[in-house]
1. Kindly list, by first and then second residue, each pair from a residue in segment 95-108 that is farther than 14 Å from residue 37 by Cα and in a loop (DSSP other than H, G, I, E, B) to a residue that is of a type in the set (Ser, Thr, Tyr) and at pLDDT below 95, limited to pairs with Cβ atoms under 9 Å and residues at least 6 apart or on different chains.
2. Which one of the conditions (1) within 15 Å of residue 47 (Cα to Cα); (2) open to solvent by 10 Å² or more (accessible area, probe 1.4 Å); (3) of a type outside the set (Gly, Ala, Ser) does residue 102 fail to meet, given that it meets all the rest?
3. Check off (1) closer than 18 Å to residue 110 by Cβ; (2) modelled with pLDDT of 95 or more; (3) in contact with a Leu (Cβ under 8 Å, 6 or more places away or on another chain) for residue 57 and give me the number that stays unchecked.
4. So is residue 107 on the phi > 0 side of the Ramachandran plot and either among the hydrophobic types (A, V, I, L, M, F, W, C) or surrounded by fewer than 18 Cβ atoms within 10 Å (Cβ to Cβ) (or both) or not?
5. With within 15 Å of the chain's Cα centre (by Cα), at pLDDT below 95 and surrounded by fewer than 22 Cβ atoms within 10 Å (Cβ to Cβ) as the only criterion, which of 9, 26 stands out?
6. Which strands (runs of 3 or more DSSP E) sit wholly inside segment 29-93 and have at least 1 residues that are among the hydroxyl-bearing types (Ser, Thr, Tyr) and open to solvent by 60 Å² or more (accessible area, probe 1.4 Å)?
7. Report, by residue number, each residue of segment 12-23 that is open to solvent by 30 Å² or more (accessible area, probe 1.4 Å) and more than 17 Å from the chain's Cα centre (by Cα).
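The values are calculated or read from the model by the stated rules, or taken from the named source; none is laboratory data. Please read these numbers as outputs of a predicted model, since none were measured by experiment. Counting neighbours? That spans all protein chains shown, and the Cβs are built from the backbone with ideal geometry, glycine included. In case anyone asks, the SASA skips ligands and DNA or RNA and just uses the protein heavy atoms, side chains included. Shrake-Rupley method; radii C 1.70, N 1.55, O 1.52, S 1.80 Å.
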Amino acid sequence: QVQLVESGGGLGQAGGSLRLSCAASGGTCRSYIMGWFRQAPGKEREFVAGINRSGRNTYYAASVKGRFTISRDNAKNTLYLQMHSLKPEDTAVYYCAASPQYGTPRGTREYIYWGQGTQVTVSS
């Protein structure tokens, strides 16, 4: 059983930056593909970014590609999401998640462990 705890959310300004972290415990996150998802009010949870077990391969949703960067530090059991050029439409609760699959999982059902989420609010 892996426990995931996100941190780093808060209020940002349009055009600004925020960095989210996700600390894993109860297991080693290097055994899993890790991902970030987000859910805005009234919308379904959507995939944001994913990273493979080694950290060498990353993949993104079109809406954040070029602005967000996912990374991981397996020695620290920590996942990161660096967000630049923030937009008001990035406002959402952001979740980190772990998947036992291979490839580039993007669906919520492909991830089995989830954090509790951290709120990101971007003002215009």
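1. The qualifying pairs are 100/31.
2. (1)
3. (3)
4. Answer is no for this residue.
5. Numbers: 26 fails: within 15 Å of the chain's Cα centre (by Cα).
After applying the criteria, what remains is 9.
6. 58-60, 68-73
7. Matches in segment 12-23: 13, 14, 15.
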